[in-house]
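Here is the structure we will look at.
The values are calculated or read from the model by the stated rules, or taken from the named source; none is laboratory data. Bear in mind that the values here come from a model prediction, so they are computed numbers and not experimental data. We place every Cβ from the backbone using ideal geometry, glycine too, and count neighbours over all the protein chains shown. Surface areas here come from the heavy atoms of the whole protein model, side chains and all, with no ligands, DNA or RNA. Shrake-Rupley method; radii C 1.70, N 1.55, O 1.52, S 1.80 Å.
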Amino acid sequence: MRKLFKYVVCAFVVWFIVHTLFIIRDGIKDEGKTADIALVLGNKVNADGTLSERLEQRLTCGISLYRNKRVKHILVSGGLGKEGFYEGDKMKAFLVANGVPDTAIIVDNKGNNTIASVENTLKLKDSLNFNNLIVVSQYYHVSRTKMLFRKRHFTEVSSASPNYFEWRDLYSLTREFFAYYVE
């Protein structure tokens, strides 16, 4: 029985490592594709109303996609944080302050989690008339987000992520491993 347990634990560790390497490779890789829209996923807005560094980096990545004509519009998706701010509204203000025209920005303030952001984005597909999109989030988050779109039969999805790394990523990589199989 102990031997079997050892094999199961070893198999799990190998599976975790291989999957995590896949998440990292997939998340860092930017194929340089163009799309109709970029979906920038929300993150923490600080108690004073400023954006967390993580969120600011995501938005800067979205701005780069827009300025380089890789996307025509930017959809920002986030919820109401415990700090009392709608992430989408704060994200839009940052984009506008950095030269993205108001007409190129769509706000989803009901994207309280990744699944909600994906579903809300797909509900807008017909009205926004988009056929493909680029997901913008931290590298560890894009594989699961793309998988959620594909599960909902939307396959024209690629990704871009900012070159921003922090120690918290170790926790996030572990969380994403489990979340990938739960959702």
Residues of the stretch 164-183 with amide N under 11 Å of a point placed 7 Å along Cα→Cβ from residue 52: 168-169, 172
Length gained if residue 126 through residue 64 is fully extended, taking 0.36 nm per residue and subtracting the Cα-Cα distance, is 19.8 nm
Roughly how much of residue 102 is accessible, in Å² to the nearest 10, using a 1.4 Å probe? 90
Summarise the accessible area of the chain (1.4 Å probe, protein heavy atoms) by the percent that is carbon and sulfur. 57
Can you tell me the order of 16-26, 134-144 when each peptide is scored by its average per-residue count of other Cβ atoms within 10 angstrom, highest first? 134-144, 16-26
Alpha carbon centre of the stretch 160-183 versus the stretch 125-140: separation in Å? 19
Restricting to aspartates and glutamates and to Cα separations under 16 Å from residue 90, and discarding same-chain partners fewer than 8 apart, the set is 48, 53, 56, 102, 108
Would you work out the relative contact order for the chain, in percent, from Cα pairs under 8 angstrom that are 6 or more residues apart? 27
The stretch 81-101 versus the stretch 29-57: alpha-carbon centroid distance in Å: 10
For the stretch 42-183, one quarter of the surface area of the C-alpha convex hull, expressed in nm², comes to 8.3
Taking the Cα centre of the chain as the origin, how large is its charge dipole in debye, to the nearest 20, when only Lys and Arg (+1) and Asp and Glu (-1) carry charge on their Cβ atoms? 680
What Kirkwood Rh does the stretch 117-183 have if only Cα atoms enter the pairwise 1/r average? Answer in Å. 12.9
Relative to the longest principal axis of the C-alpha atoms of the chain, give the angle of the C-alpha long axis of helix 139-151, reported between 0 and 90° and rounded to the nearest 10°. 90
Which residues does the label zone of residue 22 cover in the stretch 139-173, counting backbone N under 19 Å from a point 7 Å along Cα→Cβ? 139-160, 172-173
Per residue solvent-accessible surface (Å²) - the stretch 117-183, probe of 1.4 Å: 50
Counting only helical runs of four or more DSSP H residues, what would the 222 nm mean residue ellipticity of the chain come to if each run contributes -39,500 (n - 2.57) and the total is spread over all its residues? -16500 deg cm²/dmol
